[in-house]
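The values are calculated or read from the model by the stated rules, or taken from the named source; none is laboratory data. What you see is a predicted model, and the numbers here were worked out from it, not measured in a lab. Neighbour counts are summed over all protein chains in view; Cβ atoms, including those assigned to glycine, are modelled from backbone coordinates with ideal geometry. Accessible surface is based on the protein model in full, side chains and every heavy atom, while ligands, DNA and RNA are left aside. Shrake-Rupley method; radii C 1.70, N 1.55, O 1.52, S 1.80 Å.
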Amino acid sequence: KAKAGLTDFLHIDDFDKATILRILDRAQEVKALLKSGDRSYLPFKGKTMAMIFAKPSMRTRVSFETGFFLLGGHAIYLGPDDIQMGKREETRDVARVLSRYNDIIMARVFGHQDILDLAKYSSVPVINGLTDFNHPCQIMADALTMIEHIGRLEGTKVVYVGDGNNIVHSWLLLAAVIPFHFVCACPKGFEPDEKTVEKAKRAGISKIEITNDPKEAVKGADVVYSDVWASMGQKEEAAYRRQVFQGFQVDEALMKLAGPDAFFMHCLPAERGVEL
Ligand code: CP
Ligand code: NVA
């Protein structure tokens, strides 16, 4: 919903292709400006952003906090013990109160419904910093990385190897907007959400494949991508998953099959010796 001319950022496919490309272009411009040492661009001067983290984070917390500061604003970190959304108080009350103190809310939560509820009840824009369902800012950053290192995103082949998780859902939703070839190679029973796969396919923009054969999948890949086998909230399944995911490790042999020009990407944190 529109909030004083601004919108939430919850899912990549909430936006059209032109908007996504404009965000990526703007990111490159602002990144170059900051890298040049120029600190004169302060669009968030006098603004505050509340950041709710129900789960741990390094990259998301640090990039949001430093980014918002460097662009003139002040970011407030609220960790798992501070807010305890849904436990200490209801999500709608958190949304309403934080909206009155802040200009933006970003949140990393467990259930996807929590981010939807935050967005519904807040009067300021809400940014999704990862849920059990998706991680849109991560895949926007990955798209930027591909543009920087490969020179393009459109028409590339991205092969994700591992668990059909939140990262995969955001890749699928990017593929619903920007044309590229996306393949998810995962063990049987660990496929991404069927409705999201269908949505991405129905968009008719990209070639989408879900397979259980990583060796075949990676052939001709521009990017081989992996993520942890047990995401936050699933750590008690880690030992079981290590057995089931045998054959889905991205190692030198698999990268060889991908070809000499293929890049390896991982959203991090990584478990070396496990998924890579
Ligand atoms: N990639 C990413 O979201 O990392 P963090 O969990 O450390 O924020
Ligand atoms: N799938 C991982 C991504 C971490 C950035 C998780 O949800 O834990």
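The set of residues in segment 256-276 that are more than 19 Å from Ala143 (Cα to Cα), within 16 Å of ligand 2 (Cβ to nearest atom) and either open to solvent by 80 Å² or more (accessible area, probe 1.4 Å) or in contact with a strand residue (DSSP E or B) (Cβ under 7 Å, 6 or more places away or on another chain) (or both) comprises Arg272, Glu275, Leu276. Counting residues in segment 135-147 that are assigned to a strand (DSSP E or B), within 16 Å of ligand 1 (Cβ to nearest atom), touching a residue at least 60 places away in the same chain (Cβ under 8 Å) and touching a Lys or Arg at 6+ places or on another chain (Cβ under 9 Å) gives zero.
Residues of segment 36-66 that are closer than 27 Å to Lys120 by Cβ, surrounded by 13 or more Cβ atoms within 10 Å (Cβ to Cβ) and away from ligand 1 (no atom under 13 Å from the Cβ): Phe44, Lys47, Thr48, Met49, Ala50, Ile52. Considering the conditions (1) touching a Pro at 6+ places or on another chain (Cβ under 6 Å); (2) over 14 Å from Val223 (Cα atoms); (3) part of a loop (DSSP other than H, G, I, E, B), Asp163 is excluded by exactly one of them, (1).
Apart from one condition, Ala253 fits all of (1) surrounded by 14 or more Cβ atoms within 10 Å (Cβ to Cβ); (2) free of Cβ contacts under 8 Å to residues at least 24 places away in the same chain; (3) not charged (D, E, K, R); the exception is (1). Restricted to segment 36-121, the set of helices (runs of 4 or more DSSP H) holding at least 3 residues that are in contact with a helix residue (DSSP H, G or I) (Cβ under 6 Å, 6 or more places away or on another chain) comprises 91-101, 112-121.
Restricted to segment 113-130, and to residues there that are under 17 Å from the mean Cα position of the chain (by Cα) and among the aliphatic types (A, V, I, L, M), the residue that is most open to solvent (accessible area, probe 1.4 Å) is Leu116. Within segment 131-174, the set of residues being open to solvent by less than 10 Å² (accessible area, probe 1.4 Å), closer than 26 Å to Ile52 by Cα and either at pLDDT below 95 or among the hydrophobic types (A, V, I, L, M, F, W, C) (or both) comprises Ile139, Ala143, Ile167, Val168, Trp171, Leu172, Leu173, Leu174. Within segment 181-232, the set of residues being assigned to a loop (DSSP other than H, G, I, E, B) and open to solvent by 50 Å² or more (accessible area, probe 1.4 Å) comprises Lys188, Gly189, Glu191, Asp193, Gly204, Ile205, Asn212, Asp213, Lys219, Gly220, Met232. Between Gly79, Gly37, the distinction of being over 27 Å from Asn166 (Cβ atoms) and not aliphatic (A, V, I, L, M) belongs to Gly37 only.
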